[in-house]
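Contents: one structure, followed by commentary.
The values are calculated or read from the model by the stated rules, or taken from the named source; none is laboratory data. Since the model is a prediction, treat every value here as computed from it, not as a measurement. Quick reminder, even Gly has a Cβ in these numbers, built from the backbone with ideal geometry, and neighbours come from all protein chains shown.
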Amino acid sequence: MQLPKIDVPIYEVQLLSREQPVKFRPFLVKEQKIMLMAVEAKDMNNTMKAIKQIINNCVIDEIDADELPLADIETLFLHLRARSMGEVLNLFFKCTNVFEEKQCGMLIEVPVNLLQIPQINKDTPKNIMINDSIGVIMKYPSLGIVDNLLKMNSEVMVTVVAGCIDQVFDGESVYYAKDSTPEEMVNFVEGIPAEKFALIENFIDKVPRSVYTTNQKCVKCGFEHEFKLEGLSDFFI
Ligand SMILES: [Zn+2]
């Protein structure tokens, strides 16, 4: 018997790495299952696999999950969750303030609108000069880079930096990283003076992130708590 096909709404989200908004559909039961399995696994490898699977399932436009900056994956998941399970996520925290000689223990509700999470570090310059004529144009770390990181343990920073260079330029030419081998990029990075390398490390430390801070007063003891949420794990409790 042919069962009816259920229509799902289509939404759009603007990502940092794309000029046009990306179209996606909400989570269905099958993606919720994948997500749950990923959260329960508490294993980075399985979480990454689940993230990629969900992106491939839900994003309608042509997209390479391995190439997406982590900042965009955060944005995409916040929107996916908002459109699938409601825009407002109600998180609960226990008040740890000591009140009348014992911990207050009151539950504090923190409503978070997932579509209104500010993104920090969006304006860190991507263009870094290594000397008077040679410079690099950086790109934000992607899921693929993090994936590679998990597989190796030495020289991690050099590899990350090599993976985050989009272009190298000098007075005459532009060299695209995608046209070079990983070994060539690592060799190039190893030749960067330490003081300039620090500038590049700084770029990677300051990648865009979705961070939400709010103050909430405990109704029982009156203590004002500051809550800070960042990273997918904080938003997907
Ligand atoms: Zn309290």
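Just a few scattered comments:
- Test: residue in segment 16-39 that is free of Cβ contacts under 8 Å to residues at least 24 places away in the same chain, away from the ligand (no atom under 16 Å from the Cβ), farther than 21 Å from S233 by Cα and touching a strand residue (DSSP E or B) at 6+ places or on another chain (Cβ under 8 Å): yes
- A count restricted to segment 1-54 and to residues that are among the aliphatic types (A, V, I, L, M) and over 30 Å from I120 (Cβ atoms) stands at 7.
- Residues (part of a strand (DSSP E or B) and under 21 Å from L16 (Cβ atoms)) located in segment 113-134: N113, Q119, I120, N127, I128
For every residue, the table says whether it meets (1) under 24 Å from F227 (Cα atoms); (2) out of contact with any Leu (no Cβ under 8 Å at 6 or more places or on another chain).
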position: I10; (1), (2): no, yes
position: E19; (1), (2): no, yes
position: K33; (1), (2): no, yes
position: E40; (1), (2): no, yes
position: D66; (1), (2): no, no
position: I73; (1), (2): yes, no
position: C95; (1), (2): yes, no
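- Residue list for segment 171-187, filter: under 14 Å from M129 (Cα atoms) and at pLDDT below 95: G171
- Flag if V146 is assigned by TED's automatic domain parsing to the domain that holds A194, away from the ligand (no atom under 16 Å from the Cβ) and more than 16 Å from the chain's Cα centre (by Cα): no
- Matching option when the condition is modelled with pLDDT of 90 or more, farther than 22 Å from G144 by Cβ and of a type in the set (K, R), among K33, K23: K23
- When every residue of segment 226-235 is checked against the conditions, at least one turns out to be closer than 30 Å to E100 by Cβ, in the same structural domain as Q103 (by TED's automatic domain parsing) and away from the ligand (no atom under 16 Å from the Cβ).
- Only residues that are surrounded by fewer than 12 Cβ atoms within 10 Å (Cβ to Cβ) and part of a helix (DSSP H, G or I) were counted across segment 70-112, and they come to 0.
Let's see how each residue does on (1) more than 20 Å from the chain's Cα centre (by Cα); (2) on the phi > 0 side of the Ramachandran plot; (3) within 16 Å of the ligand (Cβ to nearest atom):
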residue	(1), (2), (3)
C95	yes, no, yes
G105	yes, yes, yes
D123	no, no, no
D132	yes, no, no
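- Qualifying residue in segment 198-213 (condition: of a type outside the set (S, T, N, Q), within 16 Å of the ligand (Cβ to nearest atom) and under 27 Å from Q103 (Cβ atoms)): no
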